[in-house]
Amino acid sequence: MKYVGEYREASVVKVLGETIRKEATGEYSFMEVCGGHTSAIHRFGIPSLLPENVRLLSGPGCPVCVTSISYIDRLVGLSSEQDVIIACFGDLIRVPGSSSSLEKEKTRGADIRIVFSALDAVEIARNNKSKKIIFPGIGFETTAPGTAAAIISAYNSGIDNFFVLSAHKIMPPAIDSLIVNGTAVNGFICPGHVATITGADSFSFISDKYKLGCVISGFEPADIMLSVLMLVRQINSGRFRTEIQYSRAVTPQGNLKAKAILEEVFSLSDTEWRGLGLIKSSGLKIREKYASFDADSVFNSAPEITEVRENALCLCGEVLRGNKIPPDCRLFAKSCTPENPVGACMVSAEGACNAFFRYRRNG
Amino acid sequence: MLFSDTGEMDEFITLGHGSGGKLTGELIRNIFARRFDMNEPLTDSAVVENEGDETAFTTDSYVVDPPFFPGGNIGKLAVCGTVNDLAVSGAIPRYLSVSFILEEGFPVKKLIEVVESMAMEAKKAKVKIVTGDTKVVEKGKCDGIFITTSGTGVIRKGCKDIGTGRLVRPGDKLIINGAVGNHSIAVMGARKQLSFVSDVVSDCAALNHLIGKVLDISNAVHFMRDVTRGGLAAILNELSDMTGLGIFVDEENIPVDESVRGLCEMLGFDPLSLANEGKVLIVAGVEDAGQILDCLRADEPGKNASVIGEITENRVKEVILKTLSGGNRILDVFSGLQLPRIC
């Protein structure tokens, strides 16, 4: 596969592995923040190529995993309202809320459809005038511009039955919060796709303010291995800076057009991250101009949410902060499996527990 | 939680229960096999004894959406699928029955097209369709056309255990007759909801002649299974489960067409978990592996055959994949829903 195969070449990956082994003389813990990285790392068997003193920990970058239980409960509630169609990304339907999930509601008759983009949901709205289509806005700077574009498209074409329940989040404040609250990592493998939108500069606080390693990485095995090597070198030299490994996609400033669309539709708000708690100015709220598309305010008569319940033994929060690895959890691979996920990290293919379960089992 | 401690399922059936993955396995074990008093291993065909003769007996339902796709249609699938289930059990397929469930309003012209391709495939596979049934349901009560086929065949001499995994030994080689993933991608492309156009054609084909040739030249075939729903990943894990032996496969040797690999990359699918309708996994003693490979490659449906791995000495139920990039990882069964109604 051209433009991809080159970055998977076993001979290149092998040389990088050998170089890391040679240069990594201390102890290193790096956090891959993005769920896409978590998934790629395990899918390509990267841990088996690294020496034991170089550890990779998963961070809070799986959109489904950090979505709060109360948000899922809210969606479950909305799905049973009359004439409502929930049009959502596939990962979301299996995420367990306090007592149900969208998948369970679907088997009970709720109209829940899987879409591949927010614009597909607008299309459903256009073709089902008598229904109310709710699109759950999940994800970071990578998916949020798509939601914003869908809202603008609906606004411009006068569609009045399309709504977004936004749980969109932005990444830098979450990393900041992790560092401030104490996480034992020497460096971050930063999300290449998020940085494609936001620009590498939005992550420079990691190296400049906190003196930690920071490399914006691509998603293929050679990308990740090279990023690890770059981090090892930053740690060894004590010269911390924000380096772009993924230079074929990422610039210091990012995608200005996407940033403008985000700015047009969303403003920053404090928001709840599952496992991490409330993080200041880390959520994207729909601006007043587009309030008629904001499911949060339009559907204010949603049924009362009963008590939010999280399994007390679930270590998702600790896993998302990089303090524990999935096999540390007593539920992992026992009562919590991809078929019967207890915590959100087991649901999504990008979740650390799911990736561990599918590709490594006990480490 | 779908299964309680007693292994009973509660709540509702989800689409994941029909995906061929773990949930399907649990459904079969916990709901059906227990009550029907069926014994492990649960193979693709049952081998029943009848006055000294050993007969393979199998059945399968087809609900593919859409019923017409590049490389075939629901009728061709219904014949090939059942023929293959018999052939991989070491049988020479002989007779099929066919049942149609038709939705009110289904065009007769399309029905004829389906039936004609069934007749043609049956002729090619040298099986006879000898009995059948038809039901018509009100509009909206099924999706156009559903087909169930059952089949019987005569077990070849010495082949009765070939579907059970009992003959598999450490060191045995794993062979596949060609590229994986094409059927799922072809069906998905034929659906209007995903807007991509590809040249991928379903691999749907009856494999009984190919399998027959292999069994003619080798006595060292220890296991066979057609690689359908759940893909290669599901079959390998099932085999490891059945035998209690570890399996090692090298991704570099698993044939995947370039266009399938590209689409999988875009859509987030793993070609090793996608369904096929013309692929067979053969496990054979190392002494015959080369000969079997040559035999497969001499025939159209086996021309891209490849040795993909081996049964290891490791007595742990685990499938290890060496990835294209050289790292090792577990190859697990995809759980839940990857693609509904691909067969």
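The values are calculated or read from the model by the stated rules, or taken from the named source; none is laboratory data. Given the structure is predicted, the values throughout are model-derived calculations rather than measurements. Cβ atoms come from the backbone with ideal geometry, glycine included; neighbour counts cover every protein chain shown. With ligands, DNA and RNA removed, areas are computed over all heavy atoms of the protein, side chains included. Shrake-Rupley method; radii C 1.70, N 1.55, O 1.52, S 1.80 Å.
Within segment A:182-206, the set of residues being out of contact with any strand residue (DSSP E or B) (no Cβ under 9 Å at 6 or more places or on another chain), open to solvent by 30 Å² or more (accessible area, probe 1.4 Å) and not in a helix (DSSP H, G or I) comprises just one member, A:G182. Tallying residues that are within 14 Å of another protein chain (Cβ to nearest Cβ), at pLDDT below 90 and not in a loop (DSSP other than H, G, I, E, B) within segment A:323-345 yields 0. Restricting to segment B:85-102, name every residue that is charged (D, E, K, R) and open to solvent by 30 Å² or more (accessible area, probe 1.4 Å). Answer for segment B:85-102, where residues must be charged (D, E, K, R) and open to solvent by 30 Å² or more (accessible area, probe 1.4 Å): just B:R94. Checked across segment A:63-78, the condition of being within 11 Å of chain B (Cβ to nearest Cβ) and either under 28 Å from A:L178 (Cβ atoms) or buried (at least 23 other Cβ atoms within 10 Å of the Cβ) (or both) holds for no residue. Does at least one position in segment A:249-267 carry a residue that is touching a helix residue (DSSP H, G or I) at 6+ places or on another chain (Cβ under 9 Å), hydroxyl-bearing (S, T, Y) and closer than 26 Å to A:T67 by Cβ? Taking every residue of segment A:249-267 in turn, at least one turns out to be touching a helix residue (DSSP H, G or I) at 6+ places or on another chain (Cβ under 9 Å), hydroxyl-bearing (S, T, Y) and closer than 26 Å to A:T67 by Cβ. You will find that of B:V283, B:V316, the residue that is farther than 30 Å from B:V197 by Cβ and either basic (K, R) or at pLDDT below 95 (or both) is B:V316 and no other.
The residues listed here are A:L165, A:L231; of these, the one that is open to solvent by less than 30 Å² (accessible area, probe 1.4 Å) and assigned to a helix (DSSP H, G or I) is A:L231. What do you reckon, is A:I151 in contact with a helix residue (DSSP H, G or I) (Cβ under 8 Å, 6 or more places away or on another chain) and either assigned to a helix (DSSP H, G or I) or away from chain B (no Cβ under 14 Å) (or both)? Answer is yes for this residue.
Residues in segment A:28-46 include at least one that is within 14 Å of chain B (Cβ to nearest Cβ) and closer than 17 Å to A:I138 by Cα. Here B:V108, B:V130, B:V114, B:V137 are screened, and the one residue that is within 18 Å of B:P66 (Cβ to Cβ) and surrounded by fewer than 15 Cβ atoms within 10 Å (Cβ to Cβ) is B:V108.
The set of residues from segment A:13-27 being within 12 Å of chain B (Cβ to nearest Cβ) and of a type outside the set (K, R) comprises A:V13, A:V15, A:L16, A:G17, A:E18. Considering segment B:38-80, and only residues there that are acidic (D, E) and over 30 Å from B:E103 (Cβ atoms), the residue that is least open to solvent (accessible area, probe 1.4 Å) turns out to be B:E54.
Listed conditions (1) assigned to a loop (DSSP other than H, G, I, E, B); (2) at negative phi; (3) modelled with pLDDT under 95; (4) within 19 Å of the chain's Cα centre (by Cα) are all met by B:A179, apart from (3). Within segment B:2-37, the residues that satisfy the criterion of being at pLDDT below 80 and surrounded by fewer than 13 Cβ atoms within 10 Å (Cβ to Cβ) are B:S4, B:D5, B:T6, B:G7, B:E8, B:D10, B:E11. Among residues of segment B:34-45 that are assigned to a loop (DSSP other than H, G, I, E, B), those with a Cβ under 9 angstrom from a residue that is open to solvent by 100 Å² or more (accessible area, probe 1.4 Å), sequence gap 6+ or separate chain, pair up as B:E40/B:R29; B:P41/B:R166; B:L42/B:R29; B:S45/B:F57.
Residue count for segment B:214-265 under the criterion of being charged (D, E, K, R) and not in a helix (DSSP H, G or I): the result is 5. The set of residues in segment B:56-88 being touching a Lys or Arg at 6+ places or on another chain (Cβ under 9 Å), part of a strand (DSSP E or B) and under 23 Å from B:G212 (Cα atoms) consists of B:A56 alone. For A:S269, the conditions (1) surrounded by fewer than 17 Cβ atoms within 10 Å (Cβ to Cβ); (2) among the polar types (S, T, N, Q); (3) closer than 21 Å to A:M31 by Cα all hold with the exception of (3).
Annotation: of all residues in segment B:272-327 being within 14 Å of chain A (Cβ to nearest Cβ) and free of Cβ contacts under 8 Å to residues at least 40 places away in the same chain, the one that is most open to solvent (accessible area, probe 1.4 Å) is B:G326. In contact with a Ser or Thr (Cβ under 7 Å, 6 or more places away or on another chain) and acidic (D, E): does that describe A:E243? When the stated conditions are applied, A:E243 does not pass them.
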